[in-house]
Amino acid sequence: MENLFLQLLTLNEKENILEKADVLYEPFSATERSKADIHWLFKPDDTNSTGAALIKYYPGGNSPAHLHAGYELIYVLEGEMVTSQGKVRKGDLVLLPPNSVHQSSCEIGCTALIIWEKPVIPIKEGANE
C-alpha cells in the first residue's frame, strides 16, 4: 500500500480562512475493531448522532459484524477491504442504507473516509441463535 498524502483543511473561524490541520491517528477499538487507527473529523457525541472519521486499517485489520441505524458512507482513499457485500477498492464510494449489517477485513490494508448518520450498534456473536 502506497503512503497516502492527505492534506486536511479546517476553518479558522476567527479569520474565516481555511488552514492546514494535522491528521493525527489514535488506536480505534470501537466495536472490537482490530489493527485500526482513527482520526475523528467530528464525533457522534459532539453532534448528537452523526460522526465522520478517517480510518486506517492495517494489513489483517477487521471490523466485526455491526448494524447501522442510519446511513453509512465510505470512500476508500487507498488500499482495499472486503465487506460482507463484496470487495471495495481505492476510489470506490459505498452507500449503505439504514438497518444494514456488515463486517469487513483488510488483507493489504486500507484508508477510508467514513461518515455515519447514526452511531454503530455492535452485533454480539450468537445473538441470533
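Bear in mind that the values in this text are calculations on the coordinates, not laboratory data. These numbers come from a predicted model, not from an experiment. Because the Cβ atoms are built from the backbone with ideal geometry, glycine has one as well, and the counts that use them run over all protein chains shown.
Here are a few things to note about the model shown:
- For V101: the one exception among (1) within 17 Å of I121 (Cβ to Cβ); (2) touching a Pro at 6+ places or on another chain (Cβ under 7 Å); (3) among the β-branched types (V, I, T): (2)
- Output for the range 7-44, where each listed residue is in contact with a Phe, Trp or Tyr (Cβ under 7 Å, 6 or more places away or on another chain) and among the basic types (K, R): K35
- Residue in the range 101-118 that is touching a residue at least 12 places away in the same chain (Cβ under 8 Å), farther than 29 Å from T10 by Cα, of a type in the set (S, T, Y) and crowded, with 16+ Cβ neighbours inside 10 Å present: yes
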